[in-house]
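Scroll down for the structure; my scribbles are underneath it.
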Amino acid sequence: MRFQVAELAEIRERVHAGPGEKATAAQKAKGKLTARERIGLLLDEGSFHEVEPLRRHRATGFGLEAKRPYTDGVVTGWGTVQGRTVFVYAHDFRIFGGALGEAHATKIHKIMDMAISAGAPLVSLNDGAGARIQEGVSALAGYGGIFQRNTKASGVIPQISVMLGPCAGGAAYSPALTDFVFMVRETSQMFITGPDVVKAVTGEEITQNGLGGADVHAETSGVCHFAYDDEETCLDEVRYLLSLLPGNNRETPPSVPSEDPPDRRCEALVDLVPVDGNRPYDMRQVIEEIVDDGEFLEVHERWATNIICALTRLGGQVVGIVANQPRSLAGVLDIEASEKAARFVQLCDAFSIPLVTLLDVPGFLPGVGQEHGGIIRHGAKLLYAYCDATVPRISLILRKAYGGAYIVMDSQSIGADLTYAWPTNEIAVMGAEGAANVIFRRQIAEADDPEAKRAELVKAYKAELMHPYYAAERGLVDDVIDPAETREVLISSLTMLRTKHADRPARKHGNPPQ
């Protein structure tokens, strides 16, 4: 027995050492950590339990039978993040370039099944060269099994993909099926077809980072939710995100005691938001003033910047915030903003995260490009997401809320539990100037001084239909509040709604707009 235990210890040492110093040096030369170093940064110290470290492939041909390293290029297991169970798999680029073969895929399938059964988040640390070509269709089938499990786990457990190297071809669809995608600049890329194929087919020349780097996906495509300069910062932010998410869809997000008083007055808000609806301001400053200790995690910060989606805490409880951003395109809704907010609303609803919506929206972005691009169906995605959500929902109208955008942004008519407004609110079909031009077109045209007449009629329209209490008088706003009381009102309302229960209609699933 002692001899066999010693042999086991020797094998384990070889497993942990990996394929050798040369391969490790090559990994480090690219500015990348090893798979085990990454797991060590992600999980609490000493908490990792590895699954199938001795697994080796059984493939033959093309020299594979002579090269059968332990782990087969992927490290799988579970550990804890801030004491809560998390499952993880990490590609080891030093072994077969992290390429996926049959044994490699089977290990991933197993850890995904374990995560679903245990009801705990799954984090994938991606650094692989795609399918293992030498194993042919078996490798492709392995990806199919991953995609099927990604879909099965969707809305059941949080799934986080961390891109720490290349991810090309069909492999890129697994991160796209997960809840969040993190990327590291310069070292991680995602694309379906690489630069060589693009050049051969279209004649366009582009680098890997220019085609599918972190900044491209964070700013242009929207594939990446978070982008960072180094792996250490990236993995630390993954830990922070996990602290805001429940283990599964049957749990509520973890609450923490807050030293920020729930009745703290937000006097700065009175001067922060201009009364003039045409003057911009930074909605992030409003959020910072309201939430616990001014801390929030913005999702898709650099994509569709005219809307803000963020996870934060109010009174120690996790909430999701959706807010128009007047500093970008005046806060209008367009195709990308609608898609961004719709998916965030669905995420919050799936994991029992209450929603707070902050409105300052002049409408949907007009233009041929928007209409031809399908703003109708894309805007309907956000409408569908809100209407379908059963979590506590509170909306707050800061300034303007015009037209269909007012309805879509969680108005009371589509199911918001509570709707509040500041005294600066303007809720209407459209702005007063546009409304006056339509309603009083003839009177303005026939007037001796059309401009003076227009100004007079605009003022009259505002006084009649756009005063701050018009919606409240008709029960479409539950209360008009002092901006300084915003934090206290939101926290007390969320506390009341914590036990909210809503029955869904009997159906297999809905058919949301695409």
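The values are calculated or read from the model by the stated rules, or taken from the named source; none is laboratory data. Just so it is clear, the model here is predicted, and its values are computed rather than measured. Counting neighbours? That spans all protein chains shown, and the Cβs are built from the backbone with ideal geometry, glycine included. All accessible areas refer to the heavy atoms of the entire protein, side chains included, with ligands and DNA or RNA removed. Shrake-Rupley method; radii C 1.70, N 1.55, O 1.52, S 1.80 Å.
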Legend entry - Residue-normalised accessible area of the range 226-286, expressed per residue, 1.4 Å probe, Å²: 53 Å²
Inset, instruction - Output the Kirkwood hydrodynamic radius of the chain, Cα pairs only, in Å rounded to one decimal. - result: 25.2 Å
Legend entry - ³J(HN,Hα), Karplus 6.51/-1.76/1.60, whole Hz, each residue of the range 209-225, x for Gly, Pro: 5, x, 7, x, x, 4, 5, 4, 6, 7, 10, 9, 8, x, 5, 9, 8
Inset, instruction - Wrap a convex hull around the Cα atoms of the range 328-371, take a quarter of its surface area, and give that in square nanometres. - result: 3.5 nm²
Inset, instruction - Give me the aspartates and glutamates in straight-line cross-link reach of Lys340: C-alpha distance below 13 Å, same-chain residues under 8 apart excluded. - result: Asp179, Glu219, Glu298, Glu301
Legend entry - Probe 1.4 Å, protein heavy atoms only - accessible area per residue of the range 85-196 in square angstrom: 30 Å²
Inset, instruction - Could you give me the radius of gyration and the Dmax of the range 237-303, taking only the C-alpha atoms into account and expressing both in angstrom? - result: 15.5, 45
Inset, instruction - Could you rank Glu45, Glu205 by how accessible they are, 1.4 Å probe, largest area first? - result: Glu45, Glu205
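Is the shape of the range 185-273 rounded, prolate or oblate, going by the alpha carbon gyration tensor and its root eigenvalues a ≥ b ≥ c, with a/c under 1.5 for rounded and a/b larger than b/c for prolate?
Judged from the Cα gyration tensor, the range 185-273 comes out prolate (a/c at least 1.5, a/b above b/c).
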Legend entry - Cα→Cβ-extended label distance, 7 Å offset, between Tyr240 and Arg441, nm: 5.2 nm
Legend entry - Solvent-accessible area, 1.4 Å probe, carbon plus sulfur percent, for the chain: 53 percent
Inset, instruction - Apply the Karplus parameterisation 6.51 cos²θ - 1.76 cosθ + 1.60, with θ equal to phi minus 60°, to every residue of the range 193-203 and state each ³J(HN,Hα) to the nearest whole Hz, in sequence, with x for glycine and proline. - result: 10, x, x, 5, 5, 4, 5, 5, 8, 10, x
Legend entry - Stretchable slack from Arg185 to Arg279, in nm (0.36 nm times residue separation minus alpha-carbon distance): 30.3 nm
Legend entry - Virtual spin-label span in nm between Val256 and Lys110, 7 Å along Cα→Cβ: 3.5 nm
Legend entry - Cβ-based net charge around Ala304, under 14 Å, with every Lys or Arg adding one and every Asp or Glu removing one: -1
Inset, instruction - Excluding Ile414 itself, calculate the net charge of residues whose Cβ lies under 12 Å from the Cβ of Ile414, where each Lys or Arg counts +1 and each Asp or Glu counts -1. - result: -2
Inset, instruction - Work out the length of the dipole vector of the range 389-514 about its Cα centre, built from +1 on the beta-carbon of each Lys and Arg and -1 on the beta-carbon of each Asp and Glu, and round it to the nearest 20 debye. - result: 720 debye
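Which entries in the list Lys28/Lys107; Lys381/Lys459; Lys107/Lys381 go over 31 Å, if you measure between the two C-alpha atoms of each?
Lys381/Lys459; Lys107/Lys381
Rounded, prolate or oblate: pick one for the range 42-200, where a ≥ b ≥ c are the square roots of the eigenvalues of its C-alpha gyration tensor, a/c under 1.5 means rounded, and failing that, prolate if a/b is larger than b/c, else oblate.
Numbers: a/c = 1.64, a/b = 1.23, b/c = 1.34.
The shape class here is oblate.
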Inset, instruction - Work out from phi, with θ = phi - 60° and the Karplus expression 6.51 cos²θ - 1.76 cosθ + 1.60, the ³J(HN,Hα) of each residue of the range 479-492, listed in order in whole Hz, and give x for Gly and Pro. - result: 6, 9, 10, 5, x, 5, 8, 4, 4, 4, 5, 5, 5, 5
Legend entry - Ala200-Lys30 FRET efficiency (beta carbon distance; Förster radius 25 Å; 0.05 resolution): 0.45
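At R0 = 41 Å, how high is the FRET efficiency between Ala484 and Asp230 if r is their beta carbon distance? Nearest 0.05 is fine.
0.50
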Inset, instruction - Over all directions, average the projected area of the Cα convex hull of the range 116-185 and note it in nm². - result: 4.7 nm²
Inset, instruction - Once you have a ≥ b ≥ c as the square roots of the Cα gyration tensor eigenvalues for the range 1-133, tell me rounded if a/c is under 1.5, and otherwise prolate or oblate according to whether a/b is larger than b/c. - result: rounded
Legend entry - Under-5 Å amide H pairs with Gly130, H placed in peptide plane, nonlocal only: Leu100, Ala168
Legend entry - Average silhouette area of the range 277-331, convex hull of alpha-carbon atoms, in square nanometres: 3.6 nm²
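Net charge near Gln27: determine it from the other residues with C-beta under 14 Å of the C-beta of Gln27, scoring Lys and Arg +1 and Asp and Glu -1.
+2
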Inset, instruction - Excluding residues on the same chain fewer than 8 positions from Lys32, give the lysines whose Cα lies under 17 Å from its Cα. - result: Lys22
Legend entry - Sites Glu10 and Tyr173 - FRET efficiency at Förster radius 45 Å, r taken between beta-carbons, to 0.05: 0.70
